[in-house]
Amino acid sequence: MNKITIMSTPPCPQCQSEYVYQDQANLVCPECAYEWNPVDSGEDEALNVKDANGTLLQEGDKVTLAKDLKVKGSSLVLKIGTKALIRRIVEGKDHQLDCKVDGAGEMMVTAQFVKKA
Ligand SMILES: [Zn+2]
């Protein structure tokens, strides 16, 4: 009944297969033939983007605006408390969040101007 797993591998990031095996430094998925280096993927996620409270933000997080924000090139003002969804985190100098903002659509937002919901 009991199976003993000596080494656990993460599921395949492409197809979520659990039959991933290790081939030297790489992990290999036998189902979709995807091969990746687990160390590399760890570095990709090392973007340290924090909100107004210093909370780490991740893609898919729901946030609210921590202050009124003027939209560049328009008269639109996004009010404090407006909800947004983080679609992507980028290594921008002052706009790190690619957000979908309620009532305004897709927009680049500065991480320090939002709070994790
Ligand atoms: Zn796979």
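Across the alpha-carbon atoms of the chain, the computed radius of gyration and Dmax are 19.4, 66 angstrom. Leu85 contributes an accessible area of around 70 Å² to the protein surface, as traced by a 1.4 Å probe with all chains present. In the chain, the sites counted are GluC sites (Glu not before Pro) in DSSP loop states with at most 15 other Cβ atoms within 10 Å, and the longest stretch holding none of them, exclusive of the sites, is 60-90.
Annotation note: chymotrypsin sites (Phe, Trp or Tyr not before Pro) in the stretch 9-100 located in DSSP loop regions with a Cβ neighbour count of at most 14 within 10 Å are Tyr19.
Carbon and sulfur atoms: what percent of the 1.4 Å accessible area of the chain do they account for?
48 percent
For the chain, the solvent-accessible area works out to 73 Å² per residue, with a probe of 1.4 Å and every protein chain left in place.
The values are calculated or read from the model by the stated rules, or taken from the named source; none is laboratory data. All of these numbers come straight from a predicted model, not from anything done at the bench. Virtual Cβ from ideal backbone geometry, glycine too; neighbours counted across all protein chains shown. Note: areas computed on protein heavy atoms with side chains; ligands, DNA, RNA excluded. Shrake-Rupley method; radii C 1.70, N 1.55, O 1.52, S 1.80 Å.
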